[in-house]
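To start, the structure itself, in structure tokens.
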Protein chains: 2
Amino acid sequence: MTHPVAGGKTREGKGNCSDCALRQTLICSDVSRSDLATFHSWVDDLAFPPGTVLYHMEAPADGFYCLRSGTVKLVRYSMSGVARIVRILKGGDVAGLEAAFADTFAHTAVAVGEVRACRIPLSRFRHMMRDNPPLQRRLLEKSQQALAEVETWLAELAGGIGAAPARQRLARLLLSLRDGRSDRIHRFSIEDLGGMLGISMETASRILSDLTRQGFLEKCGSGRAERHFRADIAALEKIAVGEAVPA
Amino acid sequence: MTHPVAGGKTREGKGNCSDCALRQTLICSDVSRSDLATFHSWVDDLAFPPGTVLYHMEAPADGFYCLRSGTVKLVRYSMSGVARIVRILKGGDVAGLEAAFADTFAHTAVAVGEVRACRIPLSRFRHMMRDNPPLQRRLLEKSQQALAEVETWLAELAGGIGAAPARQRLARLLLSLRDGRSDRIHRFSIEDLGGMLGISMETASRILSDLTRQGFLEKCGSGRAERHFRADIAALEKIAVGEAVPA
DNA sequence: CGCTAGCTTGAGAGAGTTCAAGAATCGTGG
DNA sequence: CCACGATTCTTGAACTCTCTCAAGCTAGCG
């Protein structure tokens, strides 16, 4: 039975780790079956409606989150108050792991669509990690993966010299937001797209309209449900590397 | 006795881990004293002259490096061939750890000044890591630290909307390159400074000249030796947050 | 059916790029 | 020790991409 708790998030109850669809992927795959019983007794399974904040930057951190489903954006705010998105998390990713070493979060985590995540309290976690090498290895792997992502983000998506013009970078971003190998692309708000590339909402909108007019992109879905693009992948790939593409 | 080997790097001989000045800081601090004997038998202690490449992006990775002293820049080249610096490593940092999970390096590592580093072959390392939780924990910590650094880099130093104007960002960068709490700042080439901020060499130069003219910065040292700035930290700090500063 | 949040579009201004020389500086060899 | 060639850095001027500000527009939602 679902009931709402503070901040709009919803407690689904204690996690049922042994049934978790992500038991293979998620960090809990490194918890032995016998430990699992006690493990999930202190893991909260939470649901976050779109727009909810999982945690705030600078806030004292006493736990982190394993995403079961949905998408989360990690945001940093510049002194001028503009939001810059530094990373996108999907199911199977870990949010707020920095909590394990610093005592405050490095960014604000916001649910983009409906999100389900397990909250793992730090106190218990530290204890558990000490004598669980596979779990540590798994986390190191996740951390390295995140590192690789941000570096790519910085090198290929962020602006600056040598960086492609906005149109090219937007094409790259869209491709990286692609759903598997399909032609579906997760449709973020125009503002979020700007926040990821470091361009203004207006510029993002202009380019997007342009791409749509040329028939490379089609807006599908409406309301909160299933918003996405249907894209001409081949065309986007050409634009992404700077080739001129005929409509 | 030092003799040169391929690529200009120099083999100093097998590492003497028990004497290493960084035994407390570096990852080897998690190798037990008894293991140390066999450990350092397969660790190479290398010296790299300025400008040497430790490893290339995309190259097959079979080991990684622990920096003992000196500075290394991690570079990515955009399709247009422009170098973008994604991270700066100093003594105690680990370079190329991604090798442990991917089989190719994520960037090119270049020695900025004279660099000394221990090369740790992957095969041995994997074996060693398996049953050494403290070492894993240490590496996870390093990885998280690197992640935090890149994210800050992206949010505060990279260009784009909401980002500060180049002058402000350069001031921040210089402060982050400061040597401890002194007024000395490691002096990178004008091209490298551009590469870090994603601005052109010309823009970097203009701003730097300006800062020098205003007396906030003084170029010291010459040749390859000891190039550095002597800076008016207080002034730079004001510029970094966007305050107007009188000369 | 109207309201609000999100998106689109236009026009002008500015920060930073490019291209093109010129000035320093380095270290090398006579 | 000084002269020379090669980097590396500086400076100027024109140009361009993207930002800003300011309206309109659209579409979901109550």
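The values are calculated or read from the model by the stated rules, or taken from the named source; none is laboratory data. Worth saying up front: this structure is predicted, and the values here are computed from it rather than measured. Please note: Cβ atoms are built from the backbone with ideal geometry, for glycine as well, and neighbour counts cover all protein chains shown.
Brief remarks follow.
- When B:Met201 is tested against (1) more than 9 Å from chain A (Cβ to nearest Cβ); (2) within 14 Å of DNA strand C (Cβ to nearest atom); (3) more than 15 Å from B:Leu89 (Cα to Cα); (4) out of contact with any Leu (no Cβ under 7 Å at 6 or more places or on another chain), just one condition goes unmet, and that condition is (1).
- B:Ala244 vs. criteria touching a residue at least 24 places away in the same chain (Cβ under 8 Å), aliphatic (A, V, I, L, M) and part of a loop (DSSP other than H, G, I, E, B): no
- Any chance A:Thr71 is hydroxyl-bearing (Ser, Thr, Tyr) and in contact with a His (Cβ under 6 Å, 6 or more places away or on another chain): no
- Residue match in region B:128-147 (condition: under 23 Å from B:Gly242 (Cα atoms), of a type in the set (Lys, Arg) and at pLDDT 90 or above): no
- Yes/no for A:Leu197 being outside the structural domain of A:Gly92 (by TED's automatic domain parsing) and within 21 Å of B:Arg84 (Cα to Cα): yes
- For region A:46-82, the set of residues classified as in a strand (DSSP E or B), out of contact with any Pro (no Cβ under 8 Å at 6 or more places or on another chain) and surrounded by fewer than 20 Cβ atoms within 10 Å (Cβ to Cβ) consists of A:Val53, A:Pro60, A:Ser69, A:Tyr77, listed by residue number.
- Positions within region B:168-214 being more than 14 Å from DNA strand D (Cβ to nearest atom) and over 22 Å from B:Arg76 (Cα atoms), in sequence order: B:Ala171, B:Leu175, B:Arg178, B:Asp179, B:Gly180, B:Arg181, B:Ser182, B:Asp183, B:Arg184
- Considering only residues in region B:117-151 that are surrounded by fewer than 17 Cβ atoms within 10 Å (Cβ to Cβ), charged (D, E, K, R) and out of contact with any helix residue (DSSP H, G or I) (no Cβ under 8 Å at 6 or more places or on another chain), the one that is nearest to the other protein chains (Cβ to nearest Cβ) turns out to be B:Glu141.
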